[in-house]
1. Write down the Kirkwood hydrodynamic radius of region B:1-105, to one decimal in angstroms, obtained as one divided by the mean of 1/r over all alpha carbon pairs.
2. A:Pro231 label points, 7 Å along Cα→Cβ, one per copy: pairwise distances from this copy to the rest in nm, shortest first?
3. B:Ala343 label point, 7 Å along Cα→Cβ, cut-off 20 Å on backbone N: hits in region B:256-271?
4. Whole-Hz Karplus ³J(HN,Hα) for region A:57-62, in order, using 6.51 cos²θ - 1.76 cosθ + 1.60 and θ = phi - 60°, x for Gly and Pro?
5. Note the buried accessible area between A and B here, summed over both chains, with a 1.4 Å probe, in Å² to the nearest 100.
6. If the viscosity is 1.002 mPa s and the temperature 20 °C, what Stokes-Einstein diffusion coefficient in µm²/s follows for region B:219-289 when Rh is the Kirkwood radius over Cα pairs?
7. Based on the alpha-carbon set only, what is the convex hull volume of region B:325-473 divided per residue, in Å³?
8. Please report Rg over Rh for region B:100-218, where both radii come from the alpha carbon positions and Rh follows the Kirkwood definition.
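The values are calculated or read from the model by the stated rules, or taken from the named source; none is laboratory data. Only a predicted model underlies this, so the values are computations on that prediction, with no experimental measurement involved. With ideal geometry, Cβ positions are generated from the backbone for all residues, glycine too; neighbour counts draw on all protein chains shown. Note: accessible area is taken over every heavy atom of the protein model, side chains too, but ligands, DNA and RNA are not part of it. Shrake-Rupley method; radii C 1.70, N 1.55, O 1.52, S 1.80 Å.
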Protein chains: 2
Amino acid sequence: MTNKETFLGEAARLLGPKGFETDPAEFAPWLTDWRGRFTGRALALASPQNTREVAELVRLCARHGVSIVPQGGNSGMVGGATPDSSGNALLLSLRRMKAVRDLDVTNRKVTCEAGLVLHNLHELAAGQGLRFPLTLGGKGSATVGGLISTNAGGSQVLRHGSMRALVLGLEAVLADGSVFSMLTPLKKDNRGFDLKQLLIGSEGTLGIVTAATLKLSPAIADRKVIWVGLPSLKAARTLLLHCQDHAGPQLEGFEVIPQHCLDSVLQYLPDARAPLVEAHAWHALIEVIADAGQATALDALCEGMMTAAFEGGLVEDAAISASEAQAEAMWLLRESIAPAERAKGTAVQHDISVAVEKMPEFVEAIIPAIEAAWSGSRAVAFGHLGDGNVHFHVLAPVGVDEAAWHAGDGKAISSQVYDLVVAWGGSISAEHGIGQLKRDELRRLGDPVALAMMARVKQALDPAGLLNPGKLT
Amino acid sequence: MTNKETFLGEAARLLGPKGFETDPAEFAPWLTDWRGRFTGRALALASPQNTREVAELVRLCARHGVSIVPQGGNSGMVGGATPDSSGNALLLSLRRMKAVRDLDVTNRKVTCEAGLVLHNLHELAAGQGLRFPLTLGGKGSATVGGLISTNAGGSQVLRHGSMRALVLGLEAVLADGSVFSMLTPLKKDNRGFDLKQLLIGSEGTLGIVTAATLKLSPAIADRKVIWVGLPSLKAARTLLLHCQDHAGPQLEGFEVIPQHCLDSVLQYLPDARAPLVEAHAWHALIEVIADAGQATALDALCEGMMTAAFEGGLVEDAAISASEAQAEAMWLLRESIAPAERAKGTAVQHDISVAVEKMPEFVEAIIPAIEAAWSGSRAVAFGHLGDGNVHFHVLAPVGVDEAAWHAGDGKAISSQVYDLVVAWGGSISAEHGIGQLKRDELRRLGDPVALAMMARVKQALDPAGLLNPGKLT
C-alpha cells in the first residue's frame with residue numbers, strides 16, 4: 001500500500017464512516033469559499049467528533065506528513081479555509097463538534113466547542129437573559145472556532161471589542177497533536193507569554209481551535225438608534241467623541257454612511273424611506289443601549305446628548321428611533337449597503353483601518369485619488385468609524401468585462417489602495433484576516449521585522465508546516 | 001585584548017561616559033531587588049538614551065555573546081530585573097529613556113519611552129484633565145517599560161484591566177537588534193499573530209520594550225467609597241455581582257478585608273478608626289466613580305445600590321464616604337494591610353488567582369488547610385476579589401529563626417499553597433510575574449504543553465538566550 005493509502009485507511013478507522021469522507025463529490029461544497037473566489041482540492045474530509053479525535057488525527061497527519069486545512073462555517077472573506085489545488089491536504093471540519101460543555105449564567109460565561117454556529121450561540125445566551133455581543137452577516141454559518149481563528153469583528157466592536165476580547169479560555173490542538181488547554185478563565189494570570197492571544201487570530205496556522213470559554217453580556221434592556229445628518233466625515237468624528245463622553249460605555253455602535261450609499265440603498269429597497277428629510281454629505285447611525293439591570297433612562301440620555309450636539313453645531317439634523325421597529329429600519333439601511341452597492345455593478349472591496357482620528361482625512365484623500373487615477377471608477381467608503389475601520393469599495397466603470405477587469409485594473413486598484421493605507425500607517429486587513437487573498441500584499445507591504453517574527457514563531461510551533469499551508473504566513 | 005575588553009571598549013564608545021558604567025560600586029543599588037531577596041553581579045551598567053542606542057547595543061551584545069538584563073525602576077516583586085551571580089551579563093537600564101514623544105489629549109493617548117516613571121505619567125495625564133488608571137504601590141519608581149514587561153496589575157484592574165489592556169502600541173528591540181515598531185494604535189488590525197501581546201508580559205525574555213502608546217481615561221469627576229460589613233466571603237462575591245449589575249462600568253474597585261486584617265491595621269495605625277461600629281467576618285471596600293463628562297449622580301447611584309443590597313439581605317452594615325477625606329481614609333486602611341501584616345512578624349506571601357466565582361470556597365478551604373498543616377502559623381487572605389486575585393500571607397510561628405524558617409518551612413508552605421492553587425485551576429502568579437522567584441515552581445506545576453510552547457517561542461526569537469537569562473522561561 002502507498003503511504004497515502006495507509007494514511008487514508010488509518011484515518012478512516014480512527015474517525016469512522018460519519019467522520020471521514022473520501023468521495024470529492026460529497027465534500028465539493030467545502031472546497032470553494034462562499035464568495036466563490038477560491039477553489040481547491042483535498043485528500044478527504046475529516047469531521048472528528050471530539051478533541052481527542054482531533055489530536056489523534058493531527059498526530060496521524062504529522063506521522064504521514066499530511067497537511068491540514070481546518071474549516072468552520074466556510075464563510076470567511078479571504079479564502080483562509082479553502083485548501084490549495086494540490087489535493088494533498090486533509091480538509092478538517094469542526095462542524096460536528098458543537099457541544100455546549102458548560103453554561104454559567106451567574107458568572108456570564110459559556111464553554112462550547114469550535115463547531116457551534118454563532119446564531120445558535122446568540123439563541124443560547126438569549127434563552128438565559130444574556131447576550132453574546134459579537135455579530136456579523138455570516139452568523140448563520142460562522143462558527144466559534146472560525147471566529148476565534150480569524151479574530152472576527154462586526155458592528156459591535158466599538159463597545160465589546162473583536163473576538164479576541166470575548167475569549168476567556170481556549171482549547172486548541174497544536175501541530176504535534178498536543179492539546180493546549182486553558183479553558184478556565186482567570187481574570188489575572190501572569191505565568192508567562194500570552195499563548196491564548198497568540199493562537200487567537202492565527203488563522204489555523206499555529207493550532208486548531210477545538211473549544212473556548214466565551215464572555216457573555218447582560219441582555220439589552222432597551223436601545224435607541226439615532227440617525228444623524230452631517231456636513232462631513234470630520235464632523236462625524238467630532239460627534240463620535242461627543243457621544244463617547246456623553247454616553248460612555250452605553251454607546252454600542254457608531255456607523256457612517258455617505259449620501260450616495262444611502263441613495264443606492266433607497267434604490268435597492270423600494271419600500272425603505274430616508275430617516276431625514278434633507279440630503280446630507282454624511283450620515284451617522286448611532287446606537288445607545290441600556291443593559292438589563294442598568295436603570296438608565298435612555299430617552300433622557302439621547303435627548304441630552306443630541307441637544308448638546310445641536311447646540312454645539314455638531315449636527316445638521318437628527319432622528320431618534322421612537323420604537324424598536326424604527327430602530328430596526330435604520331439598521332436595515334446600514335446593513336443593505338453592501339448588497340445595494342453590489343447591485344450597482346462589479347467592484348473591488350477593501351477591509352481597511354487607520355487610526356480612528358485619521359479616518360476623515362484619509363477617506364477625503366483616498367476617494368479622489370482613486371477616482372482620478374482610474375477614470376470611470378467610483379469609490380465609496382462606509383462602516384465602522386468608531387473603530388477606524390471602513391469598507392472601501394471601488395466600482396468598475398460601466399460596461400467592462402468583469403473577469404478581465406478584476407484580473408487587471410481591479411488588482412492594480414487594490415494595490416494602490418493598500419499602498420495608501422500603509423502610507424497612512426493603517427492596516428490592509430482590519431477584520432477579515434489575510435488568508436490566501438491578502439498573503440502576497442502582506443508580504444509586499446508588511447513590516448519586515450513583524451513578518452520575520454511571525455515566520456520564526458510559525459517555524460517554532462509548526463516546523464513541518466502542516467497547519468493550513470499557504471495561508472497568512 | 002580579550003573579547004570582554006573589546007566588548008567593554010566598544011560599548012563605552014557607543015554609549016559615552018553618561019551611558020556606560022563599569023565600576024560595580026557605582027551601580028551596586030541596581031544589583032539587588034528592592035525586597036532584598038536577590039543580589040547579582042554584572043559586567044557593567046548600560047544606560048542608552050534612545051532606541052537606536054539600545055538596538056546597536058543589543059547587536060553588539062549579540063556579536064560578543066553577552067547576555068542582557070533589562071531593568072526599569074527595579075521595583076519588581078520576583079527578581080525579574082536582577083542579574084545572576086555570574087557577572088557575565090550586562091545590566092541595561094532604561095531609566096534615561098523617559099521622553100514623552102506625543103501626548104494626544106483629544107484622542108486620549110500618550111506615546112512615551114520605557115523609562116518614564118508611573119507617578120510622572122499620572123501627573124502628565126492629570127495636567128491635561130486625563131488619567132492613566134493603572135496604579136500600584138511602587139508608582140514612584142516603577143517605569144512604563146517594566147509595567148509592560150511584567151503586565152503589571154494593581155487595584156484598578158477590575159474596571160481598566162491589567163497593563164496589557166492599556167497598551168495601544170509598542171516599540172521593542174528584539175534579540176537580533178531589530179526594532180519591532182507598532183506604535184500607531186489601530187483599533188482593528190488583523191494582519192496575523194498578535195505580536196504586541198506576545199511581547200507584553202514576557203519579562204524582557206523576548207524583547208526589550210523601548211516605548212509604548214498608552215490609553216488614557218477621562219479624569220475622575222467624582223468618587224464614592226463604600227465600606228461594607230459582611231458575614232462571609234461568599235456574601236462578598238454575591239454583593240460584587242449585585243454591584244456590577246447596578247453600577248456597571250462605574251464600579252472602579254472591589255477589595256475584601258477579613259476582620260483580623262482590619263484589626264492589624266488599626267493596631268498599626270493608632271489614629272485610624274474602623275469605618276463600622278461592629279466587627280464583621282469580612283469587609284468590602286467598594287469604589288464607584290463618575291468620569292469627567294459623565295453626568296451621573298453618584299449619591300443616588302450608591303444609595304440605590306446599597307438600599308437594594310440591604311433589602312436583599314446581602315450586607316450587615318455599610319458606610320458611604322461623605323467626603324474625599326473619608327474616601328482616602330478608607331483606602332488608607334486597605335493600603336496599610338501589607339505593612340501592618342509585616343509588622344506582625346515574618347511571613348511568606350503569595351500573589352495567586354483562581355476563577356472569581358471560586359475564590360470564596362478556595363479561601364475557606366486553604367486557610368484551615370495551611371494552619372492545620374503548620375502549627376503556630378497564621379494565614380490571611382485579602383485583596384482583589386473582583387479579579388479573583390488575593391494576596392495570601394502565611395505568618396511564621398512566634399519566635400522562629402527567620403532565615404531558617406524561610407529556607408525550610410516557609411518554602412514548604414509556599415509549595416503547598418501553589419499545589420492547592422493549581423488543584424483549584426488557578427495561577428501561581430496573578431500579577432507579579434515569574435522572574436527568578438517562581439521559575440522552579442512554574443516548571444514544577446505549569447502545564448507541560450504551555451511550557452513547551454513557551455520554550456519553542458523563546459528559542460525561536462532569542463536562539464542564543466541573550467535576553468534576561470534565568471528568568472521566566
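1. Values: mean 1/r = 0.0703 Å⁻¹.
It works out to 14.2 Å.
2. Relative to the other copies, A:Pro231 has label-point distances of 6.4 nm.
3. In region B:256-271, the label zone of B:Ala343 (backbone N under 20 Å from the point 7 Å along Cα→Cβ) covers B:257-271.
4. Once θ is set to phi - 60°, the couplings for region A:57-62 become 5, 5, 4, 4, 4, 4 Hz.
5. On the way: alone 20540 and 20540 Å², together 35010 Å².
The A and B chains share an interface burying roughly 6100 Å².
6. Details: Rh = 13.0 Å.
Diffusion coefficient, whole number: 165 µm²/s.
7. Here the figure is 148 Å³ per residue.
8. 0.94
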